[in-house]
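The structure under discussion appears below in the form of structure tokens.
FYI, it's all coordinate maths here, none of it is from the lab. Computed from a prediction, not measured in an experiment: that's the story for all the values here. Note: ideal-geometry Cβ built from the backbone for every residue, glycine included; neighbour counts use all protein chains shown.
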Amino acid sequence: MNYNNKKFKPVQNSENGETTEETIFEYKQIDNILTSEYKGGQIIKGHLIGLVDENGNIEMRYHQVNEKGQLMTGICYSKPEILENEKIRLHERWEWTSGDMSSGNSILEEL
């Protein structure tokens, strides 16, 4: 699976997360290395870097600056689902490595 030039937005997130439906992720992928810049909603600017396995699963690390001016960091594991319309839905488990160190779940869908 290749995520290059695909855009995603969250459609569901835990209360302790910062992404919203206004957050847009623009994915780039070369070989199995995935990167993204993202912004929108509570996030002024964010970046992620990850590795994509042979099944399209992603292990990533992220950092972002929120509207409060805080630098937040975390780890995330995403599992893809191919929808009937051929778009990708990502089921994510994430955990803050800053702030309260809590964890949560989110779902992103390809635009």
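Listed by first and then second residue, the pairs linking a residue in the stretch 17-33 that is without any contact (Cβ under 8 Å) to a residue 60 or more places away in the chain and aliphatic (A, V, I, L, M) to a residue that is crowded, with 20+ Cβ neighbours inside 10 Å and not in a loop (DSSP other than H, G, I, E, B), with Cβ atoms under 7 Å apart and 6 or more places separating them unless they lie on different chains, form an empty list. The residues listed here are 110, 92; of these, the one that is acidic (Asp, Glu), touching a Gly at 6+ places or on another chain (Cβ under 9 Å) and under 19 Å from residue 40 (Cα atoms) is 92. Filtered by the rule that a residue be in a loop (DSSP other than H, G, I, E, B) and either of a type outside the set (S, T, N, Q) or exposed (fewer than 13 other Cβ atoms within 10 Å of the Cβ) (or both), the stretch 54-69 gives 54, 55, 56, 67, 68, 69.
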